[in-house]
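Shown next, in structure tokens, is the structure this report addresses.
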Amino acid sequence: MQTKGNIVLRSGRQVGKSTVISQKAAEFAINNPQKTVLVIACVERQALLLFEKILAYIYQNYRKFIKKGKDKPTKHKINLINGSVIYCLPTGISGYGIRGYTIDLLIADEAAFVGEEVWTAVTPMLAITKGDIILLSTPFGKSGYFYRCFSDDTFTSFHISSEDCPRKNQDFLDQEKKRMSKLQYAQEYLGEFVDELQQFFPTKLIQNSMRERIVLTPPFRKYLGIDVARMGQDESVLFSVAEKEGILFQIELQITTKTRLTETTEMIINAEKRHHFKRIFIDDGGLGVGVFDSLLENNLTKRKVIPINNSARGLDSNKEEGRKKKLLKEDLYNNLLVLMEQGKIKLKYDERTILSLKSIQCEYTEAGKMRIFGSYSHITEALIRAAWCLKEKSLNIYIY
């Protein structure tokens, strides 16, 4: 809180970094009239989390400073009576949409995931004001602007792991340590830069799979992949594709946050009414089982819905020989990877999809098994299920 100048903070999860930085941003705007603060993150959801904490802190401690009426706070802007303004914007892939601002303080949440093009776009905003940069993030490999800044003499560097946090839940950390590999735990909770973890979908491959416009003529079959949000915190995603002559074309992407299970079910049924899917593939783990059960009871979806829970397995691909093949997480991800490599999937250009695919990492354990995970995986999780339709056409479905 007392440090002046540029700051780079890397940490494990849930150590309070966004709480501290939100207070620092608020105090800066309150105590320095006519200043402009810009809060950024790759995706809007992440940027808003920090922005909402800034607004809450000002409301609790400096309520009279907040302008009212037509200048009252919006989703992306806080106007203060001293002339200072706080903006909140997602950067996307290139940062093109946030060019043009002149700012006094730049704050980047989950900065390790912000692309190089974005920094080219935003750092010139500080040229005239000679303002400061605050970067906070869990690490994401030994490369990129965030990684370089941690060794830059013009930044004051801080590092704290989740195990160092006084508010830590040791039982939870012990469970996570058992669930994760050593490298994954080191990155996510110890806040260490880990080079051995690899990006599962290469950036160039992602770019080659994207299309500004998709034109598709009948006949074709439609399929839906679903990832259901956990505890209302994450994003529920519906990813619709059409299959024609062995090629998949994206039709629609629906993303909702803090959605009740009944609302998610209704959204799926409405999608079915619009598209008349051949199959509906859903993650039935966790809260997804409630949505799955509801779809089984609905006449429109009960013969179409297929559970694919990549932690519990689900398909019998060699039934005639009496041997069941387990469907693992890597099966789903490798299927999508192969389709992308073979040019058999055409995705609409969407920065959220790009960021989700880029966030997926993998490693091989000492036993030679692959582990796949991601910090923004919800869109990809829905996509891998939708893309399984090409495999499903040649398999007999067996539900465990």
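The values are calculated or read from the model by the stated rules, or taken from the named source; none is laboratory data. Every value quoted in this text rests on a predicted model; they were computed, and no experiment measured them. Positions of Cβ are generated from backbone atoms using ideal geometry, with glycine treated the same way; all protein chains shown enter the neighbour counts.
Among the residues in the range 158-173, are any closer than 22 Å to residue 38 by Cα and either at pLDDT 95 or above or surrounded by fewer than 21 Cβ atoms within 10 Å (Cβ to Cβ) (or both)?
Kept after step one, since they are closer than 22 Å to residue 38 by Cα, are these residues of the range 158-173: 158.
From what is left, the residues that are either at pLDDT 95 or above or surrounded by fewer than 21 Cβ atoms within 10 Å (Cβ to Cβ) (or both) are 158.
Looking for residues that are closer than 22 Å to residue 38 by Cα and either at pLDDT 95 or above or surrounded by fewer than 21 Cβ atoms within 10 Å (Cβ to Cβ) (or both), one finds at least one in the range 158-173, hence yes.
Residues in the range 238-288 that are among the polar types (S, T, N, Q), under 19 Å from residue 299 (Cα atoms) and assigned to a strand (DSSP E or B): how many? Write out each step before concluding.
Of the range 238-288, the ones among the polar types (S, T, N, Q) are 240, 250, 254, 256-257, 259, 262, 264-265, 270.
After this cut, where a residue has to be under 19 Å from residue 299 (Cα atoms) as well, the list is 262, 264-265, 270.
Imposing the further condition that a residue be assigned to a strand (DSSP E or B) reduces the set to none.
Adding up the residues that qualify gives 0.
For residue 46, the requirement of being in the same structural domain as residue 121 (by TED's automatic domain parsing) and within 24 Å of residue 190 (Cβ to Cβ) is met.
For the range 61-89, the candidate set comprises residues that are in contact with a helix residue (DSSP H, G or I) (Cβ under 8 Å, 6 or more places away or on another chain) and in a loop (DSSP other than H, G, I, E, B); within that set, the residue that is surrounded by the most Cβ atoms within 10 Å (Cβ to Cβ) is 84. Just to be sure, is residue 3 more than 29 Å from residue 353 (Cβ to Cβ), touching a strand residue (DSSP E or B) at 6+ places or on another chain (Cβ under 8 Å) and surrounded by fewer than 18 Cβ atoms within 10 Å (Cβ to Cβ)? Taking the combined requirement at face value, the residue satisfies it. Might you let me know whether the range 209-226 holds any residue that is farther than 18 Å from residue 335 by Cβ, small (Gly, Ala, Ser) and surrounded by 19 or more Cβ atoms within 10 Å (Cβ to Cβ)? No, every residue in the range 209-226 fails to be farther than 18 Å from residue 335 by Cβ, small (Gly, Ala, Ser) and surrounded by 19 or more Cβ atoms within 10 Å (Cβ to Cβ). Please determine whether any residue of the range 137-146 is surrounded by fewer than 19 Cβ atoms within 10 Å (Cβ to Cβ) and in a helix (DSSP H, G or I). No - not one qualifying residue is present in the range 137-146.
Identify, from the list 191, 92, the residue that is buried (at least 19 other Cβ atoms within 10 Å of the Cβ), outside any helix (DSSP H, G or I) and not assigned by TED's automatic domain parsing to the domain that holds residue 31.
Working: 92 fails: not assigned by TED's automatic domain parsing to the domain that holds residue 31.
Of 191, 92, the one residue that is buried (at least 19 other Cβ atoms within 10 Å of the Cβ), outside any helix (DSSP H, G or I) and not assigned by TED's automatic domain parsing to the domain that holds residue 31 is 191.
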